[in-house]
Amino acid sequence: MNRRHFLKTTATGSSSLLLARPGISGAEHPIRRITEPGQASRLARPGLPDLSPARWIWFPSGRTLPNSFVLFRRELSLSAPPRRATGWICADSRYRLEVNGQRVQWGPAPCDPRWAEADPINLTAYLQAGKNVLGATVLFYGAGDGTWPMGKPGFLFWLEIEHSDGRVEKVVSDSVWKVMICRAWPPGRPKRWYLRSLQEEFDARLYPYEWSSPAFEPGPQWLTALALKGSPNKPALCAEYYEYQMDVGGGPDYCQLRPRSIPMLKESQVPVSRLAESFCVDWRVAPQDYFDFRVSNAFSVQPARSVVETAPGQWQVELEGHGGVLLTFCLAEQVVGWPGFTIKAPAGTTVELLVHEAHALGQSPLLNTHFDSWTRFICREGQNRFEPFDFESLRWLQLHIHNSKGPVVISQVGVRRRVFPWPNEPRIHTSDPALQTLFEASLNTLNNCAQETLVDGMARERQQYSGDGGHQLHAVHLALGEQRLVARYLNTWSQGLTKDGFFLDCWPAYDRLARLIERQLDLSGWGPILDHGVGFIFDCHHHYMYTGELDALREPYPRLLCFARYLQSLVGKDRLLPVENLGIPSVWIDHVAYRQQRHKQCAFNLYAAAAMQNALAPLCRAFNDQGRAEAVEQFGDQLRSATVRKFWSPERKLFINNLPWRDQEKSARTCDRSLATAILFDQCPRGQNAEGLRALAECPPEMGFSYPANAGWRLWALAKAGRGDLMVRDLRQRWATLASVKENNTLQEDWQVTPDSGAQWSHCAVVPLYMLYQGLLGLKPLAPGFRRYELRPQLGDITDLEVTAYTAIGPISLGSRGSFGKREAVVQVPPTGQGELVLPEAEAIGLPPASGPAPAKQRRYKLPPGEAITLQLAYL
C-alpha cells in the first residue's frame, strides 16, 4: 500500500500531517522538504576539516573476525617539542590511544555507523624532542553490542603539528603506519551475551609490552597498514573493506564523519573499600568449561585460610596447584569504569575478573550470576597490571585465581572510573538524612547513566533509550546545567528512525536491529517501542524549553514529523492507536502496571494526544510550520476525544483502562500513567480531575503502579495539584528506603531487586532528582530558554533545603529554613528572564502581582530580576 495515498483517507480525517498544506511552500524552509529519514542529516551543521590526505587504514586482510584487536604504530621525530599538536581520531569499533607509552584517551562514543564521530586529540603535552611513537589499540566488535549496532573495521588519524618555528606538519593514517594483529586477545572470541560483544580473554605472555614506546623495535609480524579506498570525511562504513558477517555495503551517500559534540570523559582511580570474602574453590570440571558453558554443579567452595593481608591494600594468596581462590572486593558505591588489579605471579597463572552490581555475602560465592560479566587474564612471569579493554558497571569485583602453585600477591585493586565532565557542581543540601542520601544516590546514578549516551543502566545493556530513559534529561539540565549531552542524545537517538517511520527506540544499539528479524518470525514479544517514540517528542520539546535553541532539533524535527505520520497511519476504526497486532513495533508504556496488553490503549492514546498537542505542535510553530502545527493539534484532539469516548467513566469520573471489557473481566482497572497524563494535560472532560487525583494520592489496589523510571508521572501530577506533602512522603518512604540507595548509592530498576541476579541496581530512574527541581522547587520554564519561568515551592515538612538549578539564563536558587507556618525562604534569580513566584493566596508578601492565571487558591507574583529576596511564609 502506498502510505502517502493512505494518509489521505486515514480514519482521523486529518490527512496533511507531513503533506503540503495550502499556503505552505516546500521551499520556505529546508525542513519541510524532508520526507525520508536520512535526509535530515543533510542539514548544515558544523563539520570536520578536510581530513585529507588521511585514509582509513586496517590490518592487510580480506576479513576480520569479531572481537579482533589490532595495534597501530607510527614513529615520528621532532627537533623540539611542538607548539601545538591537535587533530582527530576515530575507529570502528573502539580505540585506546597511547603516545610514548602513556595512555591518552579511549573512544569513540557510541554512534550510528552512518554518522560516526571523530574524537578531538591534543597531543601537545605528550610529544617530545627526538623520537616519538603514536600507538592505538583498536577493537573491532564485529558482533552487536548495546553501544554498537554494526559497522566495518577501520582506524583514522589526523594530527596537525605546529612546530616552534611556525611550520605546520600533518601526520595522518596512511601506509606509513605499521600494524599487527594482537593475539594476546584471541581473535574471534564469542559474545559475552546478547548485548555485550566482547567476552575478553587476554594472555600477557603474548603481548608486546612497551610497543608504543620509542625504545621498542617492531619485528617482522608488524606489517604495512592497508590504506582503504574511501573518503576520510566519511565513516568506516563507507571505506572499501569487506564486512563478511553481514555483507554490509558501503553506506548511503548521506553518511558523514562528524566531530565529537561532547567533551571527552574524565577518568579517576577509585580503590576498593575492603576485601569482603575469600574462598577456596574445588573444581569438578575444567574452569574454562564452566566459564564458557556455565556447567551446573561444577564446583564447591570452602572459606580460604591462605589469604593474608601483608600490607594495606595488598594480599598474599597461597595456591596449591589444584582448584583456585576467590577474592571478593567491595567498592564504597557503584561506579562505571575499568576495574583493575596488579598481580605478582608465575607465568600461566590465570585470573577471571568478575564484576557485579549487588552481592549478598555468603549467598553466591562465585559472582558469575550477572550476564557472564567476566574477563580472563593469563599472567606473564612476575608483575602484571591488568584492566579490561571495555568498561563495566560494578560495586563488587571478584578475582578467581587458579592454574598456579605457590604464593601470588594481589594489590592496587580498584576501578578507573569514567564520568562526564559536568559544567557545574550540583548544589543540594538538606539536614533530612533520608532525603540527602536519596539525592546523593540520584546524582551517583546520573553519573553512571549519563555519559556519552543517556542509557538505562551500564551493567546490563548500556543502551540509550527515550521514554522512561529520556526523563534523565531533566536532571542533566537542571542539576548540572549540561546542554551538549542532551543535544547529542536527541540527534543520535533520532537517527534510529526506520523507513517505515517508527524509531528503533534504543539507538544507537544492536537490540532493535535484532528484534526486527525476530518479530518477522514471531520470536519475540517486543519490537521497537512506539511509546518511547512518543516520549521522544516530549524530550525534544523539553530541551527547547530549557535552552530556547532549535539547533539541536534541526535533525530530529523532520524525523518527529515522519513518526507522527506513521502514528496517524495506524489509527483504527475506533479512531484510536492500537496497542496489539502492530506487526514489527510494539507498545510497552510500562509493562508492570498492566494485566493485559489491551489495558494499555487508554494510556498510550492519552500520551500520544498530549505529545501532539503540547510538544510537537509547539515545535512546529517554533520552526514557523504553522500548517503542520494545526494538523498535529487536530490529530491530538481526535485521539483525546476518542479515548474519552472509549475509556472515560462518567459515573466514576475516571479513565478506566478496561472499561470496554469491565463486565467480562469482573473488576475495573486503572493505572497511574493514564490518570497522571489526564491531569497533567487537562484531558479529563470538563476538568473533572478530583477522582483521578484521589486515586493517585491513595493508590488503590485497582490502580496499576509504574516501575521506578516511570513513577515520575504520578509525582508530576501531584505537584500540579499542589500536593507537596505527598511528594515528600513518597520520596522518604518509597524511594529513600530502596535497597540500592542503602547498598550502592544508586537507584534500582524495579521496586524489588535481589542481589546476585540480573537485576539492575543502577538504573536511570532519577525521579527524586528531577522532582527536587520540578516538584519541591517547582521550577518550570514558561517560555523557551527560561525567558519567562515559574517557581512554585512545595516543601511539605522539610525544615531546611538549599538547592540551585542551572538554567540557560543563569542559576536559580532557593534556601529554606523552618517548618509550615514559620518558614523563611531566600530566592535568588538571574538578572535576565522574567521570574514568577506562585504561593498560597493567603501569604502576605511585598511582591507585585504577575499577570496570568494561577492554580486554584494560589497567587502569582513577579520576582525582581538579579536579586535575592527573603520571604517570611506562613502558609508554605
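Side notes on the structure shown:
- Residues located in the stretch 611-631, provided they are open to solvent by less than 50 Å² (accessible area, probe 1.4 Å) and basic (Lys, Arg): 628
- Within the stretch 171-186, residues that are under 14 Å from residue 223 (Cβ atoms) and open to solvent by 40 Å² or more (accessible area, probe 1.4 Å) have Cβ atoms under 7 Å from residues that are assigned to a loop (DSSP other than H, G, I, E, B) and of a type outside the set (Lys, Arg) in these pairs: 175/225; 178/218; 178/222; 178/225; 181/59; 181/187, counting only partners at least 6 apart in sequence or on another chain.
- Scan of the stretch 732-773 for residues that are closer than 24 Å to residue 398 by Cβ, part of a helix (DSSP H, G or I) and of a type in the set (S, T, N, Q), ordered by number: 740, 744
- Only listed residue being within 20 Å of residue 774 (Cα to Cα), touching a strand residue (DSSP E or B) at 6+ places or on another chain (Cβ under 8 Å) and polar (S, T, N, Q), chosen from 464, 436, 483: 436
- Only one of the numbered conditions (1) in contact with an Asp or Glu (Cβ under 6 Å, 6 or more places away or on another chain); (2) surrounded by 24 or more Cβ atoms within 10 Å (Cβ to Cβ); (3) in contact (Cβ under 8 Å) with a residue 40 or more places away in the chain; (4) closer than 25 Å to residue 118 by Cβ is not met by residue 495, and that is (2).
- Number of the exception - residue 360 against (1) outside any strand (DSSP E or B); (2) at pLDDT 95 or above; (3) surrounded by fewer than 20 Cβ atoms within 10 Å (Cβ to Cβ); (4) touching a strand residue (DSSP E or B) at 6+ places or on another chain (Cβ under 9 Å): (4)
- Conditions (1) touching a His at 6+ places or on another chain (Cβ under 9 Å); (2) surrounded by fewer than 24 Cβ atoms within 10 Å (Cβ to Cβ); (3) in a loop (DSSP other than H, G, I, E, B): number failed by residue 467: (2)
To keep it simple, each residue is scored yes or no on (1) out of contact with any strand residue (DSSP E or B) (no Cβ under 9 Å at 6 or more places or on another chain); (2) in contact (Cβ under 8 Å) with a residue 24 or more places away in the chain; (3) among the basic types (Lys, Arg).
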site	(1), (2), (3)
696	no, yes, no
699	yes, yes, no
708	yes, yes, no
732	yes, yes, yes
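- Evaluation of residue 410 against the conditions (1) modelled with pLDDT under 95; (2) within 30 Å of residue 325 (Cα to Cα); (3) of a type outside the set (Phe, Trp, Tyr) shows that the sole unmet condition is (1).
- Checked against the criterion of being of a type in the set (Val, Ile, Thr) and closer than 30 Å to residue 861 by Cβ, the stretch 759-772 contains one or more residues that satisfy it.
- Residue 585 meets the conditions (1) under 30 Å from residue 518 (Cβ atoms); (2) within 31 Å of the chain's Cα centre (by Cα); (3) open to solvent by 10 Å² or more (accessible area, probe 1.4 Å) in every case but one. The failed one is (3).
- Residue count for the stretch 780-801 under the criterion of being touching a Phe, Trp or Tyr at 6+ places or on another chain (Cβ under 9 Å), open to solvent by less than 10 Å² (accessible area, probe 1.4 Å) and among the aliphatic types (A, V, I, L, M): the result is 1.
- Count of the stretch 224-280 residues which are of a type in the set (S, T, N, Q) and under 25 Å from the mean Cα position of the chain (by Cα): 4
- When the strands (runs of 3 or more DSSP E) confined to the stretch 279-357 are screened for residues that are within 15 Å of residue 401 (Cβ to Cβ) and open to solvent by 50 Å² or more (accessible area, probe 1.4 Å), those reaching at least 1 such residues are found at 299-303, 307-311, 314-320, 324-345.
- Checking the stretch 478-487 against the condition returns a match, with at least one residue being open to solvent by less than 10 Å² (accessible area, probe 1.4 Å), at pLDDT 95 or above, of a type outside the set (Phe, Trp, Tyr) and within 15 Å of residue 111 (Cα to Cα).
- Residues being under 19 Å from residue 357 (Cα atoms), touching a strand residue (DSSP E or B) at 6+ places or on another chain (Cβ under 9 Å) and crowded, with 24+ Cβ neighbours inside 10 Å - total across the stretch 443-453: 3
- Single residue of 697, 709 found to be of a type in the set (A, V, I, L, M), open to solvent by 10 Å² or more (accessible area, probe 1.4 Å) and either in a helix (DSSP H, G or I) or farther than 16 Å from residue 444 by Cα (or both): 697
- Subset of the stretch 187-197 (residues that are open to solvent by 10 Å² or more (accessible area, probe 1.4 Å) and either assigned to a loop (DSSP other than H, G, I, E, B) or under 14 Å from residue 69 (Cα atoms) (or both)): 187, 188, 189, 190, 191, 192, 194
The values are calculated or read from the model by the stated rules, or taken from the named source; none is laboratory data. Worth saying up front: this structure is predicted, and the values here are computed from it rather than measured. No Cβ is skipped: glycine too gets one built from the backbone with ideal geometry, and neighbour counts run over all protein chains shown. When the accessible area is computed, the model is the full protein with side chains, heavy atoms only, and any ligands, DNA or RNA have been set aside. Shrake-Rupley method; radii C 1.70, N 1.55, O 1.52, S 1.80 Å.
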